[in-house]
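First, the structure itself, so that you have it in front of you.
The values are calculated or read from the model by the stated rules, or taken from the named source; none is laboratory data. Worth saying up front: this structure is predicted, and the values here are computed from it rather than measured. Quick reminder, even Gly has a Cβ in these numbers, built from the backbone with ideal geometry, and neighbours come from all protein chains shown. Heads up: the accessible areas ignore ligands, DNA and RNA and are worked out on the full protein's heavy atoms, side chains in. Shrake-Rupley method; radii C 1.70, N 1.55, O 1.52, S 1.80 Å.
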Amino acid sequence: MKRLRGLWLACHRWVALGLGWVLVVSGLSGALLAVGHPLDRWLHPGYFQAAAQAGAGQASLESLLQRLAHEFGPAAAFTFRPPRRQGQTLHVLVRGAWEGTLYLHPATGAELGRRAKQSDPLAQLHALHSALWMGSAGKAVLALAALAYLLLALSGIVLWWPRKWPPSLRMELRKGTLRALFDLHRSGGVALAAALALSVGSGAYLAWRPIGAWITWLAAAPRTMPPALPAGSGPTVSLDRLAVAARATFPQGRIGYFLYTPHADRPMAVRMRLPGDPHPNGRSTVWLDPRSGAVLAAHRWDELDPGARINAFVYPLHTGELAGAPGQAGVALLGLALSGLGGSGIWLWWRRRKGIFR
(Lines give C-alpha, C1' and ligand atoms only; values in the text may rest on other atoms or scores of the structure.)
Protein backbone atom coordinates (compact mmCIF):
# COMPACT_ATOMS: atom_id res chain seq x y z
CA MET A 1 0.00 0.00 0.00
CA LYS A 2 2.83 2.40 0.90
CA ARG A 3 4.54 1.66 -2.41
CA LEU A 4 1.34 2.28 -4.34
CA ARG A 5 0.85 5.56 -2.54
CA GLY A 6 4.36 6.54 -3.52
CA LEU A 7 3.51 5.91 -7.18
CA TRP A 8 0.42 8.12 -6.91
CA LEU A 9 2.49 10.83 -5.23
CA ALA A 10 5.11 10.68 -7.98
CA CYS A 11 2.41 10.87 -10.64
CA HIS A 12 0.80 13.87 -8.95
CA ARG A 13 4.10 15.66 -8.43
CA TRP A 14 5.70 15.24 -11.84
CA VAL A 15 2.56 15.82 -13.87
CA ALA A 16 2.05 19.03 -11.90
CA LEU A 17 5.65 20.15 -12.40
CA GLY A 18 5.48 19.34 -16.11
CA LEU A 19 2.19 21.04 -16.99
CA GLY A 20 1.20 22.89 -13.84
CA TRP A 21 2.44 26.18 -15.28
CA VAL A 22 -0.15 25.87 -18.06
CA LEU A 23 -2.94 25.51 -15.50
CA VAL A 24 -1.64 28.53 -13.57
CA VAL A 25 -1.55 30.69 -16.72
CA SER A 26 -4.93 29.42 -17.93
CA GLY A 27 -6.63 29.93 -14.60
CA LEU A 28 -5.26 33.40 -13.97
CA SER A 29 -5.92 34.64 -17.52
CA GLY A 30 -9.45 33.20 -17.42
CA ALA A 31 -10.18 34.99 -14.15
CA LEU A 32 -8.86 38.27 -15.59
CA LEU A 33 -11.00 37.85 -18.71
CA ALA A 34 -14.13 37.16 -16.64
CA VAL A 35 -13.78 40.48 -14.83
CA GLY A 36 -11.98 42.31 -17.64
CA HIS A 37 -14.85 42.51 -20.09
CA PRO A 38 -17.38 44.08 -17.67
CA LEU A 39 -14.64 46.38 -16.37
CA ASP A 40 -13.74 47.41 -19.92
CA ARG A 41 -17.35 48.35 -20.67
CA TRP A 42 -17.43 50.44 -17.49
CA LEU A 43 -14.13 52.18 -18.12
CA HIS A 44 -14.70 52.85 -21.84
CA PRO A 45 -18.43 53.50 -22.33
CA GLY A 46 -17.74 55.43 -25.53
CA TYR A 47 -16.80 52.19 -27.28
CA PHE A 48 -19.91 50.33 -26.26
CA GLN A 49 -22.73 52.87 -25.86
CA ALA A 50 -24.29 54.83 -28.73
CA ALA A 51 -26.52 57.84 -28.22
CA ALA A 52 -30.01 57.35 -29.66
CA GLN A 53 -30.97 59.49 -32.65
CA ALA A 54 -34.65 60.21 -33.24
CA GLY A 55 -35.98 58.76 -36.47
CA ALA A 56 -32.69 57.11 -37.37
CA GLY A 57 -32.66 53.52 -38.63
CA GLN A 58 -29.77 51.13 -39.05
CA ALA A 59 -26.74 52.07 -41.09
CA SER A 60 -26.42 50.24 -44.40
CA LEU A 61 -24.01 47.29 -44.12
CA GLU A 62 -23.13 47.68 -47.79
CA SER A 63 -22.17 51.33 -47.40
CA LEU A 64 -20.06 50.42 -44.37
CA LEU A 65 -18.39 47.64 -46.35
CA GLN A 66 -17.50 50.00 -49.19
CA ARG A 67 -16.03 52.50 -46.77
CA LEU A 68 -14.06 49.90 -44.86
CA ALA A 69 -12.77 48.20 -48.03
CA HIS A 70 -11.53 51.60 -49.24
CA GLU A 71 -9.61 52.10 -45.97
CA PHE A 72 -8.31 48.59 -45.28
CA GLY A 73 -8.08 47.23 -48.81
CA PRO A 74 -10.20 44.84 -50.91
CA ALA A 75 -8.48 41.77 -49.41
CA ALA A 76 -9.58 42.54 -45.84
CA ALA A 77 -12.24 40.41 -44.15
CA PHE A 78 -14.83 41.91 -41.80
CA THR A 79 -17.07 40.43 -39.13
CA PHE A 80 -20.03 42.68 -38.31
CA ARG A 81 -21.53 42.36 -34.84
CA PRO A 82 -24.85 44.25 -34.72
CA PRO A 83 -25.98 45.70 -31.39
CA ARG A 84 -27.70 43.15 -29.18
CA ARG A 85 -29.70 45.72 -27.21
CA GLN A 86 -30.90 49.28 -27.62
CA GLY A 87 -28.11 51.79 -27.13
CA GLN A 88 -25.23 49.47 -27.99
CA THR A 89 -22.64 50.10 -30.70
CA LEU A 90 -21.96 48.14 -33.87
CA HIS A 91 -18.64 46.27 -33.69
CA VAL A 92 -16.58 45.38 -36.74
CA LEU A 93 -13.69 42.93 -36.44
CA VAL A 94 -11.11 43.67 -39.13
CA ARG A 95 -8.67 41.05 -40.44
CA GLY A 96 -6.20 42.30 -42.99
CA ALA A 97 -3.05 44.39 -43.09
CA TRP A 98 -4.50 46.02 -39.97
CA GLU A 99 -6.21 43.82 -37.40
CA GLY A 100 -8.45 45.05 -34.66
CA THR A 101 -11.96 46.18 -33.76
CA LEU A 102 -13.92 49.25 -34.86
CA TYR A 103 -16.78 50.64 -32.77
CA LEU A 104 -19.42 52.35 -34.91
CA HIS A 105 -22.70 54.14 -34.29
CA PRO A 106 -25.37 51.68 -35.50
CA ALA A 107 -27.55 54.38 -37.07
CA THR A 108 -25.01 56.67 -38.72
CA GLY A 109 -21.99 54.38 -39.11
CA ALA A 110 -19.81 57.07 -37.54
CA GLU A 111 -16.65 55.70 -35.95
CA LEU A 112 -16.65 56.04 -32.16
CA GLY A 113 -13.28 54.40 -31.60
CA ARG A 114 -10.92 51.64 -32.68
CA ARG A 115 -8.48 49.23 -31.11
CA ALA A 116 -5.60 47.49 -32.82
CA LYS A 117 -5.35 43.82 -31.86
CA GLN A 118 -1.72 44.06 -30.79
CA SER A 119 -2.42 46.98 -28.44
CA ASP A 120 -5.69 45.68 -26.98
CA PRO A 121 -4.96 44.14 -23.55
CA LEU A 122 -8.11 41.99 -23.58
CA ALA A 123 -7.39 40.67 -27.07
CA GLN A 124 -3.87 39.72 -26.03
CA LEU A 125 -5.18 38.18 -22.82
CA HIS A 126 -7.69 36.13 -24.79
CA ALA A 127 -4.92 34.94 -27.13
CA LEU A 128 -2.92 33.86 -24.08
CA HIS A 129 -5.89 32.11 -22.49
CA SER A 130 -7.07 30.33 -25.64
CA ALA A 131 -3.74 29.43 -27.27
CA LEU A 132 -0.85 30.49 -24.98
CA TRP A 133 0.27 32.88 -27.76
CA MET A 134 1.31 29.76 -29.70
CA GLY A 135 -1.47 29.42 -32.29
CA SER A 136 -2.73 25.91 -33.01
CA ALA A 137 0.19 24.36 -31.10
CA GLY A 138 -0.91 26.22 -27.97
CA LYS A 139 -4.43 24.88 -28.32
CA ALA A 140 -3.07 21.33 -28.38
CA VAL A 141 -0.98 22.07 -25.27
CA LEU A 142 -4.11 23.32 -23.49
CA ALA A 143 -5.94 20.11 -24.38
CA LEU A 144 -3.01 18.12 -23.01
CA ALA A 145 -3.04 20.24 -19.84
CA ALA A 146 -6.75 19.47 -19.40
CA LEU A 147 -5.95 15.76 -19.48
CA ALA A 148 -3.13 16.40 -17.04
CA TYR A 149 -5.55 18.11 -14.67
CA LEU A 150 -7.77 15.02 -14.66
CA LEU A 151 -4.73 12.97 -13.60
CA LEU A 152 -3.86 15.56 -10.97
CA ALA A 153 -7.39 15.56 -9.59
CA LEU A 154 -7.58 11.77 -9.50
CA SER A 155 -4.16 11.34 -7.89
CA GLY A 156 -4.88 14.18 -5.47
CA ILE A 157 -8.10 12.54 -4.33
CA VAL A 158 -6.30 9.20 -3.89
CA LEU A 159 -3.60 10.87 -1.78
CA TRP A 160 -6.17 12.76 0.27
CA TRP A 161 -8.51 9.80 0.80
CA PRO A 162 -8.96 9.45 4.58
CA ARG A 163 -8.92 6.23 6.52
CA LYS A 164 -11.85 7.35 8.67
CA TRP A 165 -15.08 9.00 7.63
CA PRO A 166 -16.47 11.59 7.65
CA PRO A 167 -13.32 13.32 6.37
CA SER A 168 -12.03 16.60 7.76
CA LEU A 169 -11.33 19.56 5.47
CA ARG A 170 -10.01 21.87 8.15
CA MET A 171 -6.75 23.82 7.93
CA GLU A 172 -4.18 23.55 10.70
CA LEU A 173 -3.29 27.20 11.34
CA ARG A 174 -1.27 26.66 14.52
CA LYS A 175 1.56 24.82 12.77
CA GLY A 176 2.75 27.62 10.54
CA THR A 177 2.00 29.15 7.17
CA LEU A 178 3.41 26.29 5.13
CA ARG A 179 1.28 23.71 6.90
CA ALA A 180 -1.80 25.89 6.39
CA LEU A 181 -0.92 26.25 2.70
CA PHE A 182 -0.51 22.48 2.43
CA ASP A 183 -3.93 21.89 3.99
CA LEU A 184 -5.48 24.51 1.72
CA HIS A 185 -3.89 22.93 -1.36
CA ARG A 186 -5.03 19.43 -0.40
CA SER A 187 -8.54 20.21 0.84
CA GLY A 188 -9.23 22.93 -1.72
CA GLY A 189 -8.18 20.66 -4.56
CA VAL A 190 -10.57 17.95 -3.40
CA ALA A 191 -13.48 20.30 -2.70
CA LEU A 192 -13.21 22.02 -6.07
CA ALA A 193 -12.12 19.01 -8.15
CA ALA A 194 -15.42 18.53 -10.00
CA ALA A 195 -16.03 22.22 -10.70
CA LEU A 196 -12.46 22.75 -11.88
CA ALA A 197 -12.60 19.64 -14.07
CA LEU A 198 -15.72 21.05 -15.74
CA SER A 199 -14.05 24.42 -16.27
CA VAL A 200 -10.77 22.99 -17.56
CA GLY A 201 -12.50 20.39 -19.74
CA SER A 202 -14.86 22.91 -21.33
CA GLY A 203 -11.90 25.20 -22.03
CA ALA A 204 -10.02 22.40 -23.76
CA TYR A 205 -13.13 21.59 -25.81
CA LEU A 206 -13.34 25.18 -27.03
CA ALA A 207 -9.62 25.52 -27.66
CA TRP A 208 -9.00 22.33 -29.64
CA ARG A 209 -11.52 21.59 -32.38
CA PRO A 210 -10.57 17.92 -32.93
CA ILE A 211 -12.33 17.08 -29.65
CA GLY A 212 -15.69 18.07 -31.16
CA ALA A 213 -14.90 16.09 -34.32
CA TRP A 214 -14.11 13.02 -32.20
CA ILE A 215 -17.44 13.31 -30.39
CA THR A 216 -19.29 13.44 -33.70
CA TRP A 217 -17.31 10.44 -34.95
CA LEU A 218 -18.05 8.44 -31.81
CA ALA A 219 -21.74 9.25 -32.22
CA ALA A 220 -21.56 7.92 -35.81
CA ALA A 221 -23.20 11.14 -37.01
CA PRO A 222 -22.40 13.06 -40.19
CA ARG A 223 -20.53 16.32 -39.68
CA THR A 224 -22.31 19.58 -40.43
CA MET A 225 -20.24 21.18 -43.17
CA PRO A 226 -20.46 24.51 -45.02
CA PRO A 227 -22.03 24.16 -48.47
CA ALA A 228 -19.97 24.53 -51.63
CA LEU A 229 -20.56 27.60 -53.75
CA PRO A 230 -22.14 26.66 -57.12
CA ALA A 231 -20.02 27.25 -60.19
CA GLY A 232 -20.45 30.57 -61.89
CA SER A 233 -19.40 34.17 -61.70
CA GLY A 234 -20.91 37.59 -61.49
CA PRO A 235 -21.14 40.66 -59.28
CA THR A 236 -22.03 40.26 -55.63
CA VAL A 237 -25.26 41.55 -54.19
CA SER A 238 -25.33 44.00 -51.30
CA LEU A 239 -24.77 42.86 -47.74
CA ASP A 240 -28.12 44.40 -46.81
CA ARG A 241 -29.88 42.06 -49.24
CA LEU A 242 -27.99 39.09 -47.80
CA ALA A 243 -28.97 40.15 -44.28
CA VAL A 244 -32.63 40.32 -45.33
CA ALA A 245 -32.39 36.80 -46.76
CA ALA A 246 -30.84 35.51 -43.53
CA ARG A 247 -33.56 37.08 -41.38
CA ALA A 248 -36.25 35.67 -43.67
CA THR A 249 -34.77 32.19 -43.23
CA PHE A 250 -35.04 32.40 -39.44
CA PRO A 251 -37.68 35.12 -38.79
CA GLN A 252 -37.62 34.62 -35.02
CA GLY A 253 -33.84 34.96 -34.79
CA ARG A 254 -31.47 37.89 -34.66
CA ILE A 255 -28.12 38.28 -36.37
CA GLY A 256 -25.21 37.56 -34.04
CA TYR A 257 -22.41 37.91 -36.59
CA PHE A 258 -22.25 38.70 -40.29
CA LEU A 259 -19.02 37.18 -41.59
CA TYR A 260 -17.92 38.92 -44.75
CA THR A 261 -15.17 37.30 -46.79
CA PRO A 262 -13.56 38.93 -49.85
CA HIS A 263 -13.00 35.50 -51.45
CA ALA A 264 -15.41 35.15 -54.37
CA ASP A 265 -15.27 31.34 -54.30
CA ARG A 266 -16.76 31.00 -50.81
CA PRO A 267 -20.33 31.38 -49.52
CA MET A 268 -21.20 34.14 -47.07
CA ALA A 269 -22.09 33.11 -43.52
CA VAL A 270 -24.53 34.80 -41.13
CA ARG A 271 -24.57 33.54 -37.53
CA MET A 272 -27.99 33.86 -35.89
CA ARG A 273 -29.36 33.34 -32.42
CA LEU A 274 -32.75 31.62 -32.29
CA PRO A 275 -35.09 31.26 -29.31
CA GLY A 276 -33.78 28.64 -26.89
CA ASP A 277 -30.17 28.88 -28.07
CA PRO A 278 -27.96 29.21 -24.96
CA HIS A 279 -25.01 30.56 -26.96
CA PRO A 280 -24.92 34.38 -26.60
CA ASN A 281 -23.71 34.81 -30.21
CA GLY A 282 -26.00 32.19 -31.70
CA ARG A 283 -24.94 28.90 -33.27
CA SER A 284 -27.41 28.76 -36.14
CA THR A 285 -25.90 29.67 -39.51
CA VAL A 286 -27.38 30.77 -42.81
CA TRP A 287 -25.09 30.20 -45.82
CA LEU A 288 -25.70 32.50 -48.76
CA ASP A 289 -24.59 32.80 -52.39
CA PRO A 290 -23.01 36.29 -52.52
CA ARG A 291 -23.80 36.61 -56.24
CA SER A 292 -27.54 35.96 -56.08
CA GLY A 293 -28.49 36.16 -52.41
CA ALA A 294 -29.87 32.62 -52.57
CA VAL A 295 -29.80 30.56 -49.38
CA LEU A 296 -27.46 27.61 -49.91
CA ALA A 297 -27.99 26.00 -46.50
CA ALA A 298 -29.53 26.84 -43.12
CA HIS A 299 -28.22 25.00 -40.06
CA ARG A 300 -30.19 25.32 -36.83
CA TRP A 301 -28.17 25.15 -33.63
CA ASP A 302 -30.19 22.20 -32.31
CA GLU A 303 -29.76 20.24 -35.57
CA LEU A 304 -25.97 20.46 -35.85
CA ASP A 305 -23.75 17.42 -35.46
CA PRO A 306 -23.20 16.41 -31.81
CA GLY A 307 -19.72 17.91 -31.55
CA ALA A 308 -20.86 21.30 -32.84
CA ARG A 309 -24.19 21.26 -30.99
CA ILE A 310 -22.45 20.79 -27.64
CA ASN A 311 -20.57 24.02 -28.30
CA ALA A 312 -23.80 25.98 -27.84
CA PHE A 313 -23.78 24.94 -24.18
CA VAL A 314 -20.04 24.62 -23.52
CA TYR A 315 -19.15 28.20 -24.50
CA PRO A 316 -21.58 30.01 -22.15
CA LEU A 317 -20.83 27.42 -19.46
CA HIS A 318 -17.10 28.09 -19.69
CA THR A 319 -17.48 31.87 -19.72
CA GLY A 320 -20.19 31.87 -17.04
CA GLU A 321 -22.69 33.65 -19.29
CA LEU A 322 -25.08 30.73 -18.94
CA ALA A 323 -25.83 31.92 -15.39
CA GLY A 324 -25.41 35.66 -15.92
CA ALA A 325 -23.36 37.84 -13.57
CA PRO A 326 -23.23 35.22 -10.75
CA GLY A 327 -21.91 32.67 -13.23
CA GLN A 328 -19.21 35.03 -14.47
CA ALA A 329 -18.18 35.77 -10.87
CA GLY A 330 -18.01 32.03 -10.22
CA VAL A 331 -15.81 31.52 -13.29
CA ALA A 332 -13.45 34.24 -12.06
CA LEU A 333 -13.18 32.58 -8.65
CA LEU A 334 -12.56 29.16 -10.22
CA GLY A 335 -9.81 30.65 -12.34
CA LEU A 336 -8.15 32.10 -9.28
CA ALA A 337 -8.54 28.77 -7.47
CA LEU A 338 -6.94 26.87 -10.36
CA SER A 339 -3.96 29.20 -10.52
CA GLY A 340 -3.72 29.15 -6.73
CA LEU A 341 -3.66 25.36 -6.59
CA GLY A 342 -1.00 25.18 -9.28
CA GLY A 343 1.12 27.88 -7.75
CA SER A 344 0.83 26.55 -4.22
CA GLY A 345 1.72 23.04 -5.35
CA ILE A 346 4.90 24.24 -7.06
CA TRP A 347 5.80 26.36 -4.04
CA LEU A 348 5.29 23.49 -1.62
CA TRP A 349 7.43 21.21 -3.77
CA TRP A 350 10.19 23.79 -3.84
CA ARG A 351 10.13 24.30 -0.09
CA ARG A 352 10.14 20.54 0.53
CA ARG A 353 13.06 20.19 -1.90
CA LYS A 354 14.98 22.74 0.16
CA GLY A 355 14.16 20.81 3.30
CA ILE A 356 12.19 23.72 4.78
CA PHE A 357 8.86 21.93 4.93
CA ARG A 358 8.54 18.32 5.99
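Only one of these conditions is not met by Ala246: (1) crowded, with 20+ Cβ neighbours inside 10 Å; (2) closer than 30 Å to Leu151 by Cβ; (3) of a type outside the set (Phe, Trp, Tyr); (4) more than 22 Å from the chain's Cα centre (by Cα). Which number is it?
Here Ala246 meets the rest and fails (2).
Quick one: in region 275-285, which of the residues that are of a type outside the set (D, E, K, R) and assigned to a loop (DSSP other than H, G, I, E, B) is most open to solvent (accessible area, probe 1.4 Å)? Full working, then the answer.
At the first step, the residues of region 275-285 found to be of a type outside the set (D, E, K, R) are 275-276, 278-282, 284-285.
Retained after the next criterion (residues that are assigned to a loop (DSSP other than H, G, I, E, B)): 275-276, 278-282.
Working: Pro275: 83, Gly276: 66, Pro278: 24, His279: 7, Pro280: 23, Asn281: 20, Gly282: 0 Å².
It comes out as Pro275.
Specify which of the listed residues (Ser168, Ser233) is surrounded by fewer than 17 Cβ atoms within 10 Å (Cβ to Cβ), modelled with pLDDT under 85, part of a loop (DSSP other than H, G, I, E, B) and in contact with a helix residue (DSSP H, G or I) (Cβ under 9 Å, 6 or more places away or on another chain).
Criteria check complete, one pass: Ser168.
Ala297 passes all but one of (1) of a type outside the set (Val, Ile, Thr); (2) out of contact with any Phe, Trp or Tyr (no Cβ under 7 Å at 6 or more places or on another chain); (3) more than 18 Å from Arg81 (Cα to Cα); (4) not in a loop (DSSP other than H, G, I, E, B); which number fails?
Here Ala297 meets the rest and fails (2).
Continuing with this model, one more query. Does Thr177 count as open to solvent by 90 Å² or more (accessible area, probe 1.4 Å) and not small (Gly, Ala, Ser)?
yes
Ala294 - would you say it is open to solvent by 40 Å² or more (accessible area, probe 1.4 Å), touching a strand residue (DSSP E or B) at 6+ places or on another chain (Cβ under 8 Å), modelled with pLDDT of 95 or more and farther than 30 Å from Leu218 by Cβ?
Details: open to solvent by 40 Å² or more (accessible area, probe 1.4 Å): yes; touching a strand residue (DSSP E or B) at 6+ places or on another chain (Cβ under 8 Å): yes; modelled with pLDDT of 95 or more: yes; farther than 30 Å from Leu218 by Cβ: yes.
Considered against the rule, which asks whether it is open to solvent by 40 Å² or more (accessible area, probe 1.4 Å), touching a strand residue (DSSP E or B) at 6+ places or on another chain (Cβ under 8 Å), modelled with pLDDT of 95 or more and farther than 30 Å from Leu218 by Cβ, Ala294 comes out as yes.
Could you look through region 91-129, keep only residues that are in contact (Cβ under 8 Å) with a residue 40 or more places away in the chain and out of contact with any Ser or Thr (no Cβ under 9 Å at 6 or more places or on another chain), and pick out the one that is most open to solvent (accessible area, probe 1.4 Å)?
Here the answer is Pro121.
A further question follows. Tell me, please, whether a residue that is in contact (Cβ under 8 Å) with a residue 40 or more places away in the chain, of a type in the set (A, V, I, L, M), out of contact with any Ser or Thr (no Cβ under 8 Å at 6 or more places or on another chain) and open to solvent by 40 Å² or more (accessible area, probe 1.4 Å) can be found in region 184-191.
Looking through region 184-191, none of the residues is in contact (Cβ under 8 Å) with a residue 40 or more places away in the chain, of a type in the set (A, V, I, L, M), out of contact with any Ser or Thr (no Cβ under 8 Å at 6 or more places or on another chain) and open to solvent by 40 Å² or more (accessible area, probe 1.4 Å).
So which of Gly340, Gly345 ends up being at pLDDT below 95 and open to solvent by less than 30 Å² (accessible area, probe 1.4 Å)?
Gly345
Which of the strands (runs of 3 or more DSSP E) found entirely inside region 39-133 contain at least 1 residues meeting this: of a type in the set (Val, Ile, Thr) and on the phi < 0 side of the Ramachandran plot?
The qualifying strands (runs of 3 or more DSSP E) are 77-81, 90-95, 100-104.
Still on this model: Give the residue that is farthest from Gln58 (Cα to Cα), with candidates limited to residues of region 252-274 that are in a loop (DSSP other than H, G, I, E, B) and of a type outside the set (Gly, Ala, Ser). Write out each step before concluding.
Filtering region 252-274 for residues in a loop (DSSP other than H, G, I, E, B) gives 252-253, 261-267, 274.
Filter once more, keeping what is of a type outside the set (Gly, Ala, Ser): 252, 261-263, 265-267, 274.
On the way: Gln252: 19, Thr261: 22, Pro262: 23, His263: 26, Asp265: 29, Arg266: 27, Pro267: 24, Leu274: 21 Å.
Only one residue tops the list, namely Asp265.
Now a separate question. Taking region 192-227 as the search range and keeping residues that are open to solvent by 30 Å² or more (accessible area, probe 1.4 Å) and among the aromatic types (Phe, Trp, Tyr), which one is nearest to the chain's Cα centre (by Cα)?
Taking the candidates together, the pick is Trp208.
For region 95-113, which residues satisfy the criterion of being within 22 Å of the chain's Cα centre (by Cα) and under 13 Å from Phe48 (Cβ atoms)?
Hits for region 95-113 are Thr101, Leu102, Tyr103.
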